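Notes to accompany the following structure.
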Amino acid sequence: MTSHPAIACLGAGRMGRGIAVAFAYAGHRVTMIDVKPRSAEQFAKLESEALDEIRKTLASLARFGLLTVSDADAIVARVTVAPVQNSAAALADAAIIFEGVPEVVDLKREVLAAASKLAGPDVIIASTTSTILVDDISGAVEHPRRFLNAHWLNPAYLIPLVELSPGAATDPAITARVKALLEGIGKVPVVCAATPGYIVPRIQALAMNEAARMVEEGVATAEDIDKAIKYGFGFRYATMGLLEFIDWGGGDILYYASRYLEGALHSDRYRAPEVISRNMEEGRIGMRTGAGFLDYAGMDVDAFREQRLAALVDLLRHFGLARPPVL
């Protein structure tokens with residue numbers, strides 16, 4: 001794979017446009033392929049809308065100081081939109097194809113089957129589905145060893161994370177190549193099993209439902225709950241992961257807090273999983289024992305904590321909440 005391989009996106013909607021911006025910004029040529037048969041007039045309208053949105057996105061990034069207006073012109077010039085009847089030519093030089101059509105299994109299978117017939121057997125194909133398991137659609141792909149899911153989080157051109165989910169037939173070397181490609185454009189890919197919700201949507205759904213439930217129960221106003229998330233929950237987890245935070249305080253604290261909440265709120269949704277009890281039994285409490293979910297053996301834990309606290313101070317400054325002492 002060359003340093004800036006050509007990229008193809010199946011679909012010219014929101015996901016295709018976001019991926020196009022991310023790759024074009026990083027120096028890649030990108031072709032968004034319309035998957036619907038349209039008249040010349042209808043296609044021209046779609047093409048205009050897609051490129052206009054990309055220009056607006058780049059203009060906003062210029063206002064944020066990430067590029068200049070002349071940079072934006074060069075970046076958008078790397079993006080083209082092709083009608084469905086030109087799919088073969090559009091896919092001819094693509095090194096990787098991202099499918100970004102609506103979350104309908106039959107539609108995805110149809111689009112993936114057509115593209116995989118036109119693309120060479122070594123061209124990597126990735127769905128971007130946020131809900132459908134990779135093996136539910138991989139059967140439509142010729143040479144499924146080159147197929148996996150790459151779940152981008154919107155807006156795709158800004159959020160660093162991409163969740164890679166290989167299927168049963170996916171060649172591990174393909175996963176490694178996609179991971180390297182994404183890292184090359186500044187993304188942070190993680191690999192997860194093909195499971196409903198992947199990582200972020202699964203955690204996010206629990207948190208969002210609990211926030212909505214607290215509004216329903218009258219625990220606090222929507223405004224105060226969001227303020228608590230922004231300046232408490234989100235503030236901490238912008239600098240450390242959830243499992244790292246368990247280790248920071250100790251898995252035993254989570255265990256006892258979970259037992260209390262389960263009883264006080266009469267709901268098993270707060271019950272700690274067995275791994276928490278097992279870690280406690282094995283002495284894997286967290287940083288203070290040298291191991292928890294993560295391994296801290298040989299690490300200067302005090303220096304590590306200092307780094308994390310410094311990152312929190314940087315966030316205080318970002319939010320304008322860092323103040324000098326009153327003397």
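Bear in mind that the values in this text are calculations on the coordinates, not laboratory data. This one's a predicted model, so the numbers in the text were calculated from it and none came from an experiment. Quick reminder, even Gly has a Cβ in these numbers, built from the backbone with ideal geometry, and neighbours come from all protein chains shown.
Summary of values
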item	result
Separation of the ILE253 and CYS192 label points, Cα + 7 Å toward Cβ, nm	2.5 nm
Contact order relative to length of the chain, as percent, for alpha carbon pairs under 8 angstrom and 6 or more apart	11 percent
Part-to-part distance (alpha-carbon centres) for region 29-54 and region 176-248, which is given in Å	34 Å
Given charges at Cβ of Lys, Arg, Asp, Glu: region 200-318 dipole, positive-most of THR239, ASN279, ALA291	THR239
Positive minus negative residues near SER267 (Lys, Arg vs Asp, Glu; Cβ under 14 Å)	-1
Environment charge at SER48 (Cβ cut-off 15 Å; Lys +1, Arg +1, Asp -1, Glu -1)	-1
Environment charge at THR80 (Cβ cut-off 13 Å; Lys +1, Arg +1, Asp -1, Glu -1)	0
Taking region 200-318 and dividing mean pair separation by its residue count, relative contact order in percent (alpha carbons under 8 Å, at least six apart)	23 percent
Using θ = phi - 60° and Karplus 6.51 cos²θ - 1.76 cosθ + 1.60, couplings along region 54-64 (whole Hz; Gly, Pro as x)	5, 4, 5, 4, 5, 5, 5, 5, 5, 5, 7
Residue-wise HN-Hα coupling along region 302-316, computed from phi with Karplus coefficients 6.51, -1.76, 1.60 (Hz; x: Gly, Pro)	4, 5, 4, 4, 4, 4, 5, 5, 4, 5, 5, 5, 4, 5, 4
DSSP bridge orientation in the chain - percent antiparallel, rounded to nearest 5	25 percent
FRET efficiency for ALA113 and GLU210, using Cβ-Cβ distance with R0 set to 30 Å, rounded to 0.05	0.15
